[in-house]
Amino acid sequence: MFNLDEALARSGGDASLLCELIDLFMEILPERLSAMQESLAADDYESLAHLAHALKGSAGAIGAQRVFEGALGLETAGKAGNIEESVRMLEQLKKEINAFRTLSSEWQKGFDR
């Protein structure tokens, strides 16, 4: 769910930098999720896939493995224009984000910035 070793490796072993990256990721999430919801409501699957792809890259950079996988699933569903799967994957992605939020917050509490 939270691949800390990979995330630290990507941040050059700098836990403080990783904390900042996670904070930035969490900051942009509401806007990104809203944009995804709007794209889905407008049947704009190309935009949905693009937004999911961007989120996937950000999630991968901070070790949010399940968020990465959820975004990949949403990107795939969006590219296929599959509304049912897109709706399901967006809901799953939200659950994975909430789980990551909890895990990363617990890790950050144990880290003195």
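The values are calculated or read from the model by the stated rules, or taken from the named source; none is laboratory data. Note that the structure is predicted; figures quoted are calculated from it, not measured. Cβ: placed from backbone, ideal geometry, glycine included. Neighbour counts: every protein chain shown.
Some notes on this structure:
- Of the set (1) among the small types (Gly, Ala, Ser); (2) in contact with a Gly (Cβ under 8 Å, 6 or more places away or on another chain); (3) on the phi > 0 side of the Ramachandran plot, all apply to Gly13 but (2).
- The set of residues in the range 10-43 being surrounded by fewer than 16 Cβ atoms within 10 Å (Cβ to Cβ) and either in contact with a His (Cβ under 9 Å, 6 or more places away or on another chain) or under 24 Å from Thr76 (Cβ atoms) (or both) consists of Ile28, Pro30, Glu31, Ser34, Gln37, Glu38, Ala41, Ala42, Asp43.
- Filter result for Ala52 (at pLDDT 95 or above, among the aliphatic types (A, V, I, L, M) and out of contact with any helix residue (DSSP H, G or I) (no Cβ under 7 Å at 6 or more places or on another chain)): no
Matching residues to (1) within 21 Å of Gln92 (Cβ to Cβ); (2) over 17 Å from the mean Cα position of the chain (by Cα):
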residue: Gly13; (1), (2): no, yes
residue: Leu17; (1), (2): no, yes
residue: Leu21; (1), (2): no, no
residue: Leu33; (1), (2): yes, no
residue: Met36; (1), (2): yes, no
residue: Tyr45; (1), (2): yes, yes
residue: His50; (1), (2): yes, no
residue: Leu55; (1), (2): yes, no
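- Selected residue (criterion: nearest to Ser86 (Cα to Cα)) from residues of the range 42-74 that are in contact (Cβ under 8 Å) with a residue 60 or more places away in the chain and in a loop (DSSP other than H, G, I, E, B): Ala64
- Scan of the range 75-90 for residues that are more than 15 Å from Arg32 (Cβ to Cβ), of a type outside the set (Ser, Thr, Tyr) and free of Cβ contacts under 8 Å to residues at least 40 places away in the same chain, ordered by number: Ala77, Lys79, Ala80, Gly81, Asn82, Glu84, Glu85, Arg88
- For the range 2-12, the criterion of a residue being within 18 Å of Ile97 (Cβ to Cβ), part of a loop (DSSP other than H, G, I, E, B), modelled with pLDDT under 95 and among the hydrophobic types (A, V, I, L, M, F, W, C) is satisfied by at least one position.
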